[in-house]
Amino acid sequence: MVDWNGIYWGESGSVAEYDKKKFEEFAAQTSEELFRACCDNNGRLKHIIRAEHFNLEFIRTICETAEAARGVAKMEDKFMKGLLTSKSVLNYFHQPSSRTFLSFSMAEAHLGMRREEIRDIKTSSSSKGESEKDSLRTDSSYFDAIVCRHPSDIYDLFAVWVMKTSNRELPFINAGSGKSEHPTQALLDYYTDWRWFKGDLDHKVIAYVGDCKRGRTIHSGAKLLALHKDMKVYFVAPPELQIDEETERYLLDREVKVIKETHGLAQVVPLVDKIYMTRIQNEHGGTGEYDPNFIFRKKFLGMMRPQAILEHPMPKREEIDPEIDYIKNDPAIKYWEEQRNGMWTRVAILAYLFDVDVDIRRRYEKIKEIAEPKT
Ligand code: CP
């Protein structure tokens, strides 16, 4: 097996070397060129691969479309289900997933899309020595979009390269690539914040807790919040799990104040507007043992700022006190709500990629006008 950067290049060394060289040429472009490669001729994103490609206008469009979609689906499900009946999507998951897979699948159903899945790679022709380049190109023959999760940190770029070298460049959506990025999770986390803080996300203090080093949800989420003014971010983790240099540099370059707290969570709780817990990502090595100093304890709820919230991308393990799951109707506890927000965010992303997001927002305005006629 020829493996490089977690991507399977097939069984033939000479073919793999040729493909790798071509990919390296593509990946060596500047970040601005790679961003342009992810947009259409009008500058609209056609591949959703990295949080650094999103600007505030795009994010606001996603939040407003997600909000409209949940309203329209409640009142006029038939309208929603008629929007993308001619479109199909492959959910191609090389790593386990509950939330991302299911919420994409249900988002596609809400929009009336045809959908297929590959979740067990052993059932694909990779097991016959087909390279991932050829597999992805084959998939693109049958669908109108691909949603994909993969263990490689660079699979997002790899997939865009494959799309651009084929005659059928479909929208590619990164549903989590290795330790590097989880851009649609970042959008759903942002949507959760946007709803709670009523769109006002400047001047906020955020704590990212747990596996800051390898947590792709943290890497993508922090980049979105760096678009706002006067932001301060605490990375709360023991030294070996502290934030990676690249993410820290990205934030500092955008004038985000970065503070690394390596002793524990308790002292940070009263200082922040959002606490974002994460599990230890031991699929990337180590035992997964969680230092008890970084557990979110039930008593911390009473120490939070009045409007502060508690989030977690999930799955969770011991990093949140299990008693907290049994508290009902505390609006500060957001991690169950985030999961449902994920489905509407993914409706918005798909609607945006197929250019029907404006239809959803217009329909929602109409529904609201009928419900509350102007006098
Ligand atoms: N948050 C998240 O990516 O969850 P899954 O791994 O269950 O998709």
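Details
- Of the residues Met106, Met277, Met343, the one that moves most in a GNM of the chain with alpha-carbon contacts below 10 Å is Met106.
- Dipole in debye (nearest 20) - region 12-169, about Cα centre, beta carbon charges: Lys, Arg +1; Asp, Glu -1: 440
- Whole-number accessible area per residue in Å² for region 1-128, which is evaluated in the context of all protein chains at 1.4 Å: 53
- Farthest toward positive dipole pole in region 269-375 [+1 Lys/Arg, -1 Asp/Glu at C-beta], among Asn341, Asn293, Met314: Asn341
- Estimated FRET transfer efficiency (Ile118, Met75; beta-carbon r; R0 35 Å; 0.05): 0.50
- Gain on full stretching of the segment that runs from Thr138 to Arg297 - 0.36 nm per residue minus C-alpha separation: 52.4 nm
- Whole-percent carbon and sulfur share, accessible surface of the chain, 1.4 Å: 49
- Dipole of region 131-228 [Lys/Arg +1, Asp/Glu -1 at C-beta], most positive-end residue of Tyr208, Tyr142, His228: Tyr208
- The spacing between region 264-282 and region 19-37, judged by their C-alpha centroids, is 36 Å.
- Span from the region 164-206 Cα centroid across to the region 102-140 one, whole angstrom: 21
- 3J(HN,Hα) along region 293-302, derived from phi through the Karplus expression 6.51 cos²θ - 1.76 cosθ + 1.60 where θ = phi - 60°, amounts to 5, 10, 6, 7, 7, 4, 5, 5, 4, x Hz, with x in place of Gly and Pro.
- Directionally averaged projected area (the chain, Cα convex hull): 20.0 nm².
- Loop-exposed trypsin sites (Lys or Arg not before Pro) per DSSP, neighbour cap 10 Cβ within 10 angstrom, longest uninterrupted part of the chain: 1-197
- Derived scalar couplings ³J(HN,Hα) [region 50-59; Karplus, 6.51 cos²θ - 1.76 cosθ + 1.60; whole Hz; x for Gly, Pro]: 9, 4, 5, 8, 8, 10, 5, 5, 4, 5
- Accessible surface area normalised per residue over region 268-315 is 43 Å², counting heavy atoms of protein chains with a 1.4 Å rolling probe.
- Karplus 3J(HN,Hα) series, Hz, for region 239-250 with 6.51 cos²θ - 1.76 cosθ + 1.60 (x for Gly, Pro): x, 6, 10, 5, 4, 5, 4, 5, 5, 4, 4, 4
- Charge dipole (Cα centre; +1 on Lys/Arg Cβ, -1 on Asp/Glu Cβ; no other charges) of the chain amounts to roughly 1060 debye.
- Remark on Cys39: its backbone amide H falls under 5 Å from those of Lys46, a criterion applied only to residues 5 or more positions apart or on other chains, H modelled at 1.01 Å from N.
- Close amide H pairs (under 5 Å, H built 1.01 Å from N) link Arg149 with Tyr92, Phe93, His94, Gln95, Ala175, residues at least 5 positions away or on another chain.
- Computed helical MRE - 222 nm, the chain, DSSP H runs ≥ 4 contributing -39500 (n - 2.57), nearest 500: -12000 deg cm²/dmol
- Considering only beta bridges that DSSP places wholly inside the chain, some 10 percent are antiparallel.
- Annotation: amide H of Lys260 within the under-5 Å range of Phe235, sequence separation 5 or more or interchain, hydrogens built in the peptide plane.
- Heavy-atom surface of region 139-219, accessible at 1.4 Å and reported per residue (Å²): 26
The values are calculated or read from the model by the stated rules, or taken from the named source; none is laboratory data. Nothing here was measured: the structure is a model prediction, and the numbers come from that model. Note: ideal-geometry Cβ built from the backbone for every residue, glycine included; neighbour counts use all protein chains shown. Just so you know, the surface numbers come from the protein's heavy atoms only, side chains and all, with ligands and any DNA or RNA stripped out. Shrake-Rupley method; radii C 1.70, N 1.55, O 1.52, S 1.80 Å.
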